[in-house]
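Quick notes on the structure that follows.
Read-outs: derived from the displayed coordinates by stated rules, not from any lab. If you're wondering where the values come from, they're calculated on a predicted model, not measured in any experiment. So basically every Cβ, Gly included, is an ideal-geometry build from the backbone, and we count neighbours across all protein chains shown.
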Amino acid sequence: MPEPVIGLEIHLAIRVDTKMFCGCAAESFGSEPNVHTCPVCLGLPGSLPVTNREAIEKAVLFSLALHCRVPELTQFHRKHYFYPDAPKNYQISQYDRPVGEHGWVELDGGRRIGITRCHVEEDAGRLAHPPYADHSLVDFNRAGAPLIEMVTEPDLRTPEEARAFLAQVQAVARALGVSDASPEQGKMRADVNVSLRNPDGSLGTKVEVKNLNSFKSVAAAIAFEVRRQGALLEDGREVAQETRGWNEGGQRTYLLRSKEESADYRYMPDPDLPPLTLEPAWLDDLRARMPELPAARRERYLALGLKPADAEALALDLEAAAFFDAATEAYAGSAQTVANWLTGDIAGLLNAGGRSLAEAPLRPEGLAAMLRLLDDGTISGKIAKEILPEVLEGEGPEALVARKGLTQITDEGALAELVERVMQANPAVVASARENPKAINALLGKVMQESRGTARPDAVRRLLQDRLATPGSD
């Protein structure tokens, strides 16, 4: 199979209050159709656009975070295309003077993926297709909302790499506050360009798959295109340069249209929008205000002793990272212990309930308090797991343990009585444990069950070993 060559075009909805060139609300998710519109975003004659400064600032900040070169002058162009959801019959975008170019993102493992450009443009509207109807509906609420489009070099090689790259970009956008980057709300969308390298090393014919709205769909579309193009070449047929859509139900791509070239869009400088000068002092101020980015956070977590997989997972999740930092500070114990609980049992309970960490009442101090009870022997690991659902709902672990009588039994005399009682009640298990030392675990389990998990396991095991080694002790 020839080597896949993959590039991405990622659209991020910029987190601002108003649209790119007018005062209409930029946030339209969940709104009634066509309520956030005006003559400017509808492209009515005589209306004039005014650039949203905050959107430009956030796009430049994003470009800087991706190590892009930011020019002294940036400019808007008109990109002409005729679709029902483009009210002006052109899109205000950027052509040869984008806000950023020639950057890179480093994947886990050190491989860098080149960024060709980052530019600002306005979004189109949204088409709705009622089932069994002979017409479509257009909602212009989203038309004119500001977007960052980021175009990569064809440096990706696998669906898994593309998915990892998207996770990195999403994490950067959220860390900067540039975009919510939520695919489920249409605030992060991707087009993929896929080709197979020719035997002579040159790039094969590129196929674009449009409007993928989940990381899973991106990976699946790439995998399908690699298979489809490979089958065509094996049969001696050519791969046509075209734009394709993605059928989620059928998990396959389908033809939309032959691929346009940049000349087909007839780019021209927008006569209503003068070029913007990006002052060096302003750029220096943006750099100074740059928050900690996921790559730096990951290195900080590795320095704390976290496993690489945990450091990566936490660094890419802004909510989890903030919680982890606060819990680690409050706990003052092993950072890996905090990570284990966050990425393990807590994540499992949240996923089962369909909630995020931010939606749960659990506070970092609550988790830290529970871990301290575990460390000082007040509760066992089993008890910690038992009370975790209530701690997750905001219950104080100390009060919870006291109210339920779950304090761990550490008194040797009390434990010895418990062990004696269990051994007397289970002579067959005792006999088995004397013949096979591994069978002691069955006795240990019965002691823990009898104590409702409050007996200290290591002390119980030691007492059982002593009793089993003493002839006639049962």
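Given a Förster radius of 30 Å and the C-beta distance between Leu302 and Arg197 as r, what FRET efficiency does 1/(1 + (r/R0)^6) yield to the nearest 0.05?
For Leu302 and Arg197, the calculated efficiency is 0.30.
If each Cα of the range 4-285 is one equal point scatterer, what is log10 of I(q)/I(0) from the Debye formula at q = 0.07, 0.10 Å⁻¹?
Each listed q maps to, in turn, -0.26, -0.54.
Quick one: of Lys19/Lys88; Lys187/Lys210; Lys79/Lys187; Lys187/Lys216; Lys58/Lys210; Lys19/Lys187, which pairs are farther than 18 Å apart, Cα to Cα?
Those over the limit are Lys79/Lys187; Lys58/Lys210.
In straight Cα distance, which lysines are under 28 Å from Lys446, not counting same-chain residues fewer than 8 positions off?
Partners found: Lys382, Lys385, Lys404, Lys438.
Angle check, please: helix 457-469 long axis (alpha carbons) against the longest principal axis of the chain (alpha carbons), in degrees 0 to 90, nearest 10.
Around 40 degrees separate the two axes.
How far apart, in nanometres, would the label points at Tyr254 and His102 be if each is projected 7 angstrom from Cα along the Cα-to-Cβ direction?
Simple spin-label model gives 4.3 nm for this pair.
How high is the relative contact order of the chain, given as a whole-number percent (alpha carbon pairs under 8 Å, six or more residues apart)?
Relative contact order here is 13 percent.
Output the Kirkwood hydrodynamic radius of the range 292-404, Cα pairs only, in Å rounded to one decimal.
Computed over Cα pairs of the range 292-404, the Kirkwood hydrodynamic radius comes out at 14.2 Å.
Could you compute the longest span of the chain free of chymotrypsin sites (Phe, Trp or Tyr not before Pro) located in DSSP loops and having at most 10 other Cβ atoms within 10 Å, not counting the site residues?
133-474
Enumerate by residue number the GluC sites (Glu not before Pro) in the range 361-400 meeting two conditions: DSSP loop (anything except H, G, I, E, B), and at most 12 other Cβ atoms within 10 Å of the site's Cβ.
Those satisfying the criteria are Glu393.
With a/c under 1.5 counting as rounded, go ahead and sort the range 233-321 into rounded, prolate or oblate using the C-alpha gyration tensor (a ≥ b ≥ c being the square roots of the eigenvalues; past the cut-off, prolate if a/b is larger than b/c, else oblate).
Here the range 233-321 falls in the oblate category.
Under a point spin-label approximation (7 Å from Cα along Cα-to-Cβ), what is the Glu393-His67 distance to one decimal in nm?
4.9 nm
Taking θ = phi - 60°, what integer Hz values does the Karplus form 6.51 cos²θ - 1.76 cosθ + 1.60 yield along the range 340-353, in sequence order, with x for Gly and Pro?
4, 5, 5, 8, x, 4, 5, 4, x, 5, 5, 4, 4, x
If you keep only loop residues by DSSP, which GluC sites (Glu not before Pro) in the range 54-99 have at most 12 other Cβ atoms within 10 Å of their Cβ?
Counting only loop positions with at most 12 other Cβ atoms within 10 Å, the GluC sites (Glu not before Pro) in the range 54-99 are Glu72.
Taking loop as defined by DSSP and a crowding limit of 16 other beta carbons within 10 Å, which trypsin sites (Lys or Arg not before Pro) in the range 79-119 fit?
Those that pass, being in a loop and sparsely packed, are Arg111.
Let me see the pair-distance distribution of the chain: every alpha carbon pair, 20 Å bin width, integer percents in order.
Histogramming the chain at 20 Å steps yields 19, 41, 25, 13, 2, 0 percent.
Quickly estimate the mean residue ellipticity at 222 nm for the chain, helices only: each DSSP H run with n ≥ 4 gives -39500 (n - 2.57), and the total goes over all residues, rounded to 500.
Taking each H run of at least 4 residues, the total per residue is -12000 deg cm²/dmol.
Residues of the range 74-109 with backbone nitrogen within less than 17 Å of a virtual label 7 Å along the Cα-to-Cβ line of His129, please, listed as ranges.
83-86
With a Cα-only, solvent-free Debye model of the range 412-469, what are the log10 I(q)/I(0) values at q = 0.31 Å⁻¹?
So the normalised log intensities are -1.52.
For the ranges 185-191, 200-206, what's the packing order if you count other beta-carbon atoms within 10 Å of each residue, average per peptide, and put the highest first?
Per-residue mean Cβ counts within 10 Å order the peptides as 185-191, 200-206.
Among Arg289, Arg297, which comes first, then next, by fewest other beta-carbon atoms within 10 Å?
With the sparsest Cβ surroundings first, the list reads Arg289, Arg297.
What does the C-alpha gyration tensor say about the overall shape of the range 1-118? Classify as rounded when a/c is under 1.5, otherwise prolate if a/b is larger than b/c, or oblate.
Prolate.
Note the direction-averaged projected area, equal to a quarter of the hull surface, for the Cα convex hull of the range 179-309, in nm².
The number I arrive at for the range 179-309 is 14.6 nm².
First measure r as the distance between the Cβ atoms of Asn34 and Arg421, then evaluate 1/(1 + (r/R0)^6) with R0 = 51 Å and state the FRET efficiency to the nearest 0.05.
Step by step, r from the Cβ atoms, then E = 0.10.
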